[in-house]
1. Assuming 0.36 nm per residue, please report the length gained on full extension of the stretch Glu135 to Val88 beyond their Cα-Cα distance.
2. Starting from the 7 Å offset along Cα-to-Cβ, what nm value, one decimal, do you get for the label separation of Gln107 and Gln186?
3. In the neighborhood of Val88, defined by Cβ-to-Cβ distances under 12 Å, what is the net charge if each Lys or Arg adds +1 and each Asp or Glu adds -1?
4. Would you mind computing the Rg to Rh ratio of segment 93-225 from its alpha-carbon coordinates, Kirkwood style for Rh?
5. According to a simple spin-label model (label point 7 Å from Cα along Cα-to-Cβ), what is the distance in nm between Ala12 and Leu167?
Amino acid sequence: MDAFTLEGIPQAEVKKAVRSLVERRLLLAVGTPEAHYVAASPDAASDELVHPVAQQARQLRSAADRLRDELTPVYEGGLARRLRRPAVEELHSVSAVRDQLTRLAAQATFEVLTSQPGGARDEDVLQEAMTRTEELLGRGVRMRTLYQHTAQFSATTTSYVEIVSELGAEVRTLGDGFMRMIAFDQEVVVIELRDNPLGALVIREPNIVGFLVATFERMWGQAEEFPTNHGRDQAIFASDKAKEDIIRLLLLGEQDKVIARRMGMTVRTCQRHIAKIMERIGAKSRVHAGYLLREMEGSIPSAVVAPDSSAPGQPDTRG
C-alpha cells in the first residue's frame, strides 16, 4: 500500500488518480501488481488508445461503402423502371386486368379504395376478388368499397360483404353517380375502359390519381353503411332510397335505359319503379310526371317513394 501513499493526500484519492493514469496508458505497472509504476510517453499512450477506435471506424466505413454499392443499383434500377412506366396504360382483356390487379394488390402497403357500381356483382367476380381481399386485409391494408343500394338485394354480394367486413373491410352504398375504379396507395388507379367493359385503364399520373381519390372520398362521405342484417325494414329503406334517386334522374330528363344503368338495375325493374311513381303522383305520361315532380321538388310526399304495405320485402333487381 506504500506505493499509493503521498504526504498530505488521502490514500483513496491517490489510488483513484493512479487508476485514471493507468487507464489512459500514462502509467505502466512494473513487476507484481501495484508494486511499481513508471511513466509512459503521452504519444505512445495516445497511439495505443486511438488505434482500436480508428480500426473500428475503418471497418464501419468499409461496411457503409459496401452497402452503398449494393443499394445504388437497386435504387437506380427502380427509378428507371418508374420512369419507363407510362402515365396511362390500356389493358384490353380480362386476364390482363386481373393480372395487373393482382400485382398492384401485392404491392399495396396501406390503402385500397374500390367503387363498384351496377348493383349485384357476379359470383365468379366476387370469388376472384376474395383471394386478393383476404391477402390485403391480412397484411393490415385498409380497404374501403362503395356499392350501389341495389347491391343489397343480391344474396351473393351480401354474403361477400359479410365475410370481408368481419375481416376488417369497410363497405358503404350509394344510389347513383360514381364510376368503377380501384385505387392503390393513392398512387395508381384502375378504371374501366369506356368502349371496352372487359378492359381497363391504369393511371399513374399523380394529378389524375389525386383527383380520382378525392372524388372517391367525397362519395364515401355521402354513402351509407352496407347493412349485413337485411330484414324487411332495411329492404323498404333501400327501396325508398332507390325511388328517390330515380325521381332525381327523372327530373334531369334521363331516359329509362340511362336511369336503369346508373341505378344498377334492369330496364324492366326501373320501368316498374317509374310506373309506380307515376301512379302515386297521378301522372298520365312521362311529360306530365316530370311537370308534377318539378312542382313537388323539395317537398315530395313520402307516399310517393314509400312501398305499398303489400309490397315484398326485397324489390326485384333482376328484371
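Every read-out reported here was derived from the displayed coordinates using simple, explicitly stated rules and does not represent laboratory data. Bear in mind the structure is a predicted one, so any value in this text is a computation, not a measurement. For neighbour counting, all protein chains shown are included, and Cβ atoms are generated from backbone atoms with ideal geometry for every residue, glycine included.
1. Details: separation 47, 0.36 × 47 = 16.92 nm, distance 2.66 nm.
Difference between extended and current length: 14.3 nm.
2. It is 1.8 nm.
3. On the way: positive: Arg85, Arg204; negative: Glu89, Glu90, Glu205.
Local charge sum for Val88: -1.
4. Working: Rg = 13.7 Å, Rh = 14.9 Å.
Value, to two decimals: 0.92.
5. Distance between label points: 7.0 nm.
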